[in-house]
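Working notes, structure below.
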Amino acid sequence: MAESAVTPSTPSTTQPQPSTGKAFAALTLEVERMGLLKPQPGYYAFTILSTLALLGLGMYFLVVLDSLWLQLLNAVYMAFVFTRMAFIGHDAGHRVIFRSNGWSEATGHIISFLMGMNRSWWVDKHSRHHADPNHLDQDPDTFIPVLAFTEEQVRSKRGLFRLTAKYQAYLFLPILSLQGIGLRLAGVQFLLSHKVQHPKAEWSILAAHSIVYFGLLFYLLDPLTAVLFAVVHQMLFGLYMGLSFAPNHKGMPILESGTQMDYVRQQVITARNINAHPVNDFLYGGLNYQIEHHLFPNMPRNQLKKSQGAVKEFCEANSISYHEVSAFRSLVELETYLHRIAAAVP
C-alpha cells in the first residue's frame, strides 16, 4: 500500500487524534503470536560471521595487492563492509541480537572498535530519535548544522551554515560522504561533554581503532596510497551509510513545538519505507522497513518483512498514512523537500 506523502513539515493534524492504544496492543499480540519478536540466534550468527569474513577478505587484499588502483577498489569494498558492520551495531543497540544487556554492550563495543565510533553517543542519540521521531524539540536528527528541515531553521542560520542551507539540495550527497567523519567527531564531542559509565574504556576503544586503522594503512601501503585509500574508504562509507539512513525520515512530516499527535501515529507518519525486495532488504540492512522498525524496535531485522502485512492492515484500519516508495523515488522526494526549504533563504 504505497500512498502519497503527507506534506512534509506539516503534520496531518495538530489536534489530538483518537487513541490507537487498544488497536496497537492487539497488533502487538498478533506479532507476538506470529513469533516475530523472538531472538534469531542463527540468523545473527550467520550475519556477524559472514560480515567478519568480508572484513577479513578486505584485510587480506590490503596485504597482498600492490597496485594503487586495486587498493582503491579495495577501499570501495571496505566502505561496503563498514556499512554492513554499522547495521550490526544498530541492531546490537536495539538489543535484537542478544536480549542480554551485557552481550549487547560487548557486541556494540566490538563494532565501535572496528568502526571507530562511540557507542554511548550513538545509543543516546538514537534512543531520543526513536522516542520522538522528527520532533524539532526532541529528535536530535532534526538538527544538523549544515542542513535545514524547516523554514524557521533556515532563517536562524548564519554565515557558512546559511550558505550550505541555501544550496543544500545540491550539497546533500557531498555532505553525506562526510557523514562517517562527522559521526566520529560527534562521538568525541559527546565523550568530552557527557559523563559515561566507562570513559577510559570508551576513549581507549576510539584510540585503539585510530592506531590500528592508520597504522595498518601506512605500514602496508606507501604514504600516497594510504592517504588515498583512507579518503575513498571514509567518503564512500559515509555516502553508503547516509543513503541507508537518510531516506528513513528526511522529507517526511516535521513536528513542531506544541504539535499534539498520538505516539503510534507519530512513529508511522514520520517514517518512509523503501519497497520490499530482496536487494533492498540486503542493501538497507532491514532499514527499508522503517515503519515496522519504529513500531517494533526490538524486532529482529529478518522478521520485519513478515510483520508488514499486519502493520499495513493496522494503519489502514486506523486511517494512518503508510508511505512506501522505491529507492529512487525516496531520493526524489528528499531532494524536492530540501529544494523547497532552501527556497526560504533570500
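Here segment 150-168 and segment 174-193 have alpha carbon centers that stand 20 Å from each other.
Here is what passes the span test in the chain: the DSSP H helices with alpha carbon length of 27 Å or more along the helix axis and a Kyte-Doolittle mean of 0.0 or above are 41-64, 68-93, 199-220, 223-245. Once the C-beta distance of Asn275 and Arg99 is scaled by a Förster radius of 41 Å, the resulting FRET efficiency is 0.85 to the nearest 0.05.
Centre-to-centre, using Cα atoms only, segment 220-276 and segment 83-102 are separated by 17 Å. The listed residues Lys38, Lys157, once ranked by accessible area (1.4 Å probe) with the largest placed first, stand as Lys38, Lys157. Only protein heavy atoms count here; on that basis, with a 1.4 Å probe, Leu49 has an accessible area of about 120 Å².
Using 0.36 nm per residue and subtracting the Cα-Cα separation, the extra length available between Leu70 and Trp203 on full extension is 44.5 nm. In terms of packing, defined here as the mean over residues of other Cβ atoms within 10 angstrom, the peptides 316-322, 256-262 line up highest first as 316-322, 256-262. Cross-link partners of Lys22 among aspartates and glutamates, defined as those whose alpha carbon lies under 18 angstrom from its own and excluding same-chain residues fewer than eight positions apart: Glu30, Glu32, Asp262, Glu292, Glu313, Glu316.
Have a look at Ala186, Gly285, Gln266 and report the one farthest towards the positive end of the charge dipole of the chain, computed about the Cα centre with Cβ charges (Lys/Arg +1, Asp/Glu -1). Looking along the dipole axis, the top candidate is Ala186.
Please compare each pair in Lys38/Lys200; Lys200/Lys250; Lys195/Lys250; Lys38/Lys125; Lys157/Lys312 to a cut-off of 28 Å on the Cα-Cα distance and tell me which ones are over it. With Cα atoms farther than 28 Å apart: Lys38/Lys200; Lys200/Lys250; Lys195/Lys250; Lys157/Lys312. Rounded to the nearest 20 debye, the dipole magnitude of the chain is 340 debye, with +1 charges on Lys and Arg beta carbons, -1 on Asp and Glu beta carbons, and the Cα centre as origin. Dipole magnitude for segment 147-272: computed about the Cα centre from +1 point charges on Lys and Arg Cβ and -1 point charges on Asp and Glu Cβ, it is near 260 debye.
So if R0 is 51 Å, what FRET efficiency would Ser50 and Tyr167 give, r being the distance between their Cβ atoms, rounded to the nearest 0.05? Numbers along the way, then the final one.
Details: r = 40 Å, r/R0 = 0.79.
It comes out at approximately 0.80.
Of (i) 65, 65, 40; (ii) 63, 55, 40; (iii) 64, 42, 42, which one was derived for Cα extents along the principal axes in Å from the structure shown? The value matching this structure is (ii).
Using just its DSSP H runs of length 4 or more, each adding -39500 (n - 2.57), the chain gives a mean residue ellipticity at 222 nm of -21000 deg cm²/dmol after division by all residues.
The values are calculated or read from the model by the stated rules, or taken from the named source; none is laboratory data. Only a predicted model underlies this, so the values are computations on that prediction, with no experimental measurement involved. Note: ideal-geometry Cβ built from the backbone for every residue, glycine included; neighbour counts use all protein chains shown. Protein only, heavy atoms only, side chains kept; ligands, DNA and RNA dropped before computing areas. Shrake-Rupley method; radii C 1.70, N 1.55, O 1.52, S 1.80 Å.
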